[in-house]
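The values are calculated or read from the model by the stated rules, or taken from the named source; none is laboratory data. If you're wondering where the values come from, they're calculated on a predicted model, not measured in any experiment. FYI the Cβ positions are ideal-geometry reconstructions off the backbone, even for glycines, and counts take in every protein chain you see. Surface accessibility is based on the protein's heavy atoms, side chains included, excluding ligands, DNA and RNA. Shrake-Rupley method; radii C 1.70, N 1.55, O 1.52, S 1.80 Å.
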Amino acid sequence: MPGSAAPAGGAGMFVPAATAGTVLCCMCGVAMQPNPANMCARCLRARVDITEGVPRHAAVVYCPDCSSYLQPPRSWLRATPESPELMQILLRRINRPLARLRVSLSGAEFVFSEPHSKRLRLKLRLRREVLHGVVLEQTHPVEFVVHDRLCDSCSRAQANPDQWVAVVQLRQHVPHRRTFLYLEQLLLKHGQASLAIRVAAAPGGLDFFFGSRSHAARLVDFLATVAPIQTQTAKQLVSHDTKSSVYNYKYTFSVEICPICREDLIALSPQASRDMGGLGPLVLCVKVTNAIALLDPLTLRVHHLEEKKYRVYNFKAALTSKQLVEYIVLDIEQESPEISIDGSRYQLAYAQVARVSDFGKNDTIFTVRTHLGHLLNPGDHALGYDLYGANLNDDDMDTAMTRYSLPEVVLVKKSYEKRPRTRRWKLKRLPVEEDAGNKAKGEEERRLDEYEAFLKDLEQDPDLRFNINLYKNEDYRSEMASTVGDDVPTVPLEELIEDLTLGDDEEDEGDEAVAGNNQSGMVE
């Protein structure tokens with residue numbers, strides 16, 4: 001029955017239901033639950049201000065060039081607007097007054113302010129024990145005035161762009177720039193070049209200038225994880241203060257990338273072939289990370305060679321991608337089932353091919369063994385190395401020709417005739433300073449061709465574009481089906497990233513401001 005007490009378990013007795021007692025507030029007479037102060041929450045807030053002594057105004061120093069904030073006494077921390085990092089920087093400015101007043105912080109959030117107002121506003125939730133153990137919580141606004149001031153590295157860069165402290169000289173002695181195009185995308189994705197004062201083009205590579213030695217060392221450590229490199233360091237004394245024993249140096253990091261690139265044909269020496277378990281002697285480089293992946297196209301064996309081990313043999317590429325010849329496939333016969341090695345698919349097959357340039361001139365046909373049996377069909381085009389008519393200048397290749405019966409053609413990859421004129425995706429580029437006076441004739445056209453070939457490689461190889469960011473091209477217009485081949489590889493739409501563009505439309509700016517106002521950072 002309503003109002004009756006619940007029976008005690010197993011005792012047969014009734015226990016009265018507990019009811020919360022109420023008392024009257026000693027100030028206003030409102031019924032409330034009892035507390036040690038005998039006052040309601042409204043009367044407590046009216047008579048006790050827990051925010052007394054907590055600052056309502058503070059200042060923060062901001063560097064507009066590198067978007068970093070000063071953390072006293074001398075450190076600078078980079079933070080984006082309304083980010084958790086910026087929240088921590090601002091809260092550190094008022095932690096000392098809160099600790100002195102024995103006020104605890106239970107929460108904080110940003111309050112929207114116009115970007116041009118140079119103001120940052122926070123709404124804090126403060127908690128403090130008052131009047132015989134009563135805990136009172138109250139909101140408190142704090143406004144920070146942003147003072148613009150260049151940090152030390154940016155001020156040196158503004159005064160003189162050549163006042164760098166460390167430089168990373170990245171070089172690779174090859175006749176193309178495909179490696180640097182790929183490294184450029186890795187640096188952009190991981191933000192490794194964001195701390196560079198400037199990036200300058202140099203013969204055979206790039207120069208990265210930094211305002212701190214640690215920033216340059218960080219870039220070198222990153223390069224060691226994505227490419228086989230050899231590093232040498234040097235320093236030069238710039239100035240010396242005899243009274244304080246302060247030395248100022250300029251540091252140079254010379255980084256040389258291994259000259260072996262993807263799709264290069266290599267002839268291994270007899271010693272290297274024996275050490276790799278009888279691999280080769282003709283091998284293809286199929287992947288370059290911090291190790292070199294070498295594939296024997298006749299046996300589908302793969303060997304990973306680290307940079308230190310490579311320096312022992314120090315072999316060079318007998319033929320590079322610049323010397324690829326186009327062939328047409330006349331017939332194909334699979335020899336073994338398709339297999340997967342390190343995420344890449346291969347299949348041994350015998351193929352009859354002929355050079356496209358020989359059509360109408362002779363009837364020269366080559367029968368070769370290839371690892372592209374899963375890709376090639378009669379009538380397809382393929383790119384490969386012509387060992388039958390090539391003029392080779394390599395001692396290891398000459399040794400291999402005298403000891404072994406080498407194939408006349410080594411197919412490397414499938415070729416596609418038709419290409420779309422525009423792509424639905426695009427890449428970002430590093431702001432590289434070019435010396436127009438030292439450019440050779442036709443250098444610009446050659447670089448454009450290499451960049452186009454790099455884009456084609458990204459379309460054909462999903463593993464190659466796995467580690468880089470591809471952005472949607474807003475200027476893309478779909479073309480007629482007749483201009484694009486049916487088997488032309490394309491980048492799936494789900495792999496593309498929306499590119500952030502800042503427009504001048506006032507409505508767009510207003511929408512972004514409202515979205516930024518809805519985001520808040522919580523502090524436990």
Scanning region 130-162 for residues that are at pLDDT below 75 and either within 17 Å of LYS250 (Cα to Cα) or among the hydroxyl-bearing types (Ser, Thr, Tyr) (or both), which turns out surrounded by the most Cβ atoms within 10 Å (Cβ to Cβ)?
SER153
Scope region 191-214; condition part of a helix (DSSP H, G or I) and either hydrophobic (A, V, I, L, M, F, W, C) or under 30 Å from LYS316 (Cβ atoms) (or both); matching residues
none
Would you point out the residue of region 247-270, among those that are in a strand (DSSP E or B) and among the hydroxyl-bearing types (Ser, Thr, Tyr), that is modelled with the lowest pLDDT?
TYR247
Pick out the one residue from LEU284, LEU279 that is crowded, with 20+ Cβ neighbours inside 10 Å, among the aliphatic types (A, V, I, L, M) and assigned to a strand (DSSP E or B).
LEU284
Residues in region 426-448: is at least one closer than 30 Å to PRO203 by Cα, touching a Phe, Trp or Tyr at 6+ places or on another chain (Cβ under 9 Å) and among the aliphatic types (A, V, I, L, M)?
yes
Residue that is surrounded by 13 or more Cβ atoms within 10 Å (Cβ to Cβ) and out of contact with any Lys or Arg (no Cβ under 8 Å at 6 or more places or on another chain), where the choices are LEU86, LEU105
LEU86
Quick one: would you say PRO407 is buried (at least 19 other Cβ atoms within 10 Å of the Cβ) and part of a loop (DSSP other than H, G, I, E, B)?
yes
Across region 389-413, the tally of residues that are touching a Pro at 6+ places or on another chain (Cβ under 9 Å) and modelled with pLDDT under 90 stands at 8
Given the options PHE366, PHE315, name the one that is at pLDDT below 90 and aromatic (Phe, Trp, Tyr).
PHE315
Condition first: closer than 30 Å to ALA291 by Cβ and open to solvent by less than 80 Å² (accessible area, probe 1.4 Å). Now tell me which residues in region 231-259 satisfy that.
THR231, ALA234, TYR251, THR252, PHE253, SER254, VAL255, GLU256, ILE257, CYS258, PRO259
When you look at GLY53, is it open to solvent by less than 60 Å² (accessible area, probe 1.4 Å), of a type in the set (Gly, Ala, Ser), part of a loop (DSSP other than H, G, I, E, B) and on the phi > 0 side of the Ramachandran plot, yes or no?
yes
Applying the selection to region 305-356, what residues are of a type outside the set (Asp, Glu), on the phi > 0 side of the Ramachandran plot and in contact (Cβ under 8 Å) with a residue 40 or more places away in the chain?
GLY343
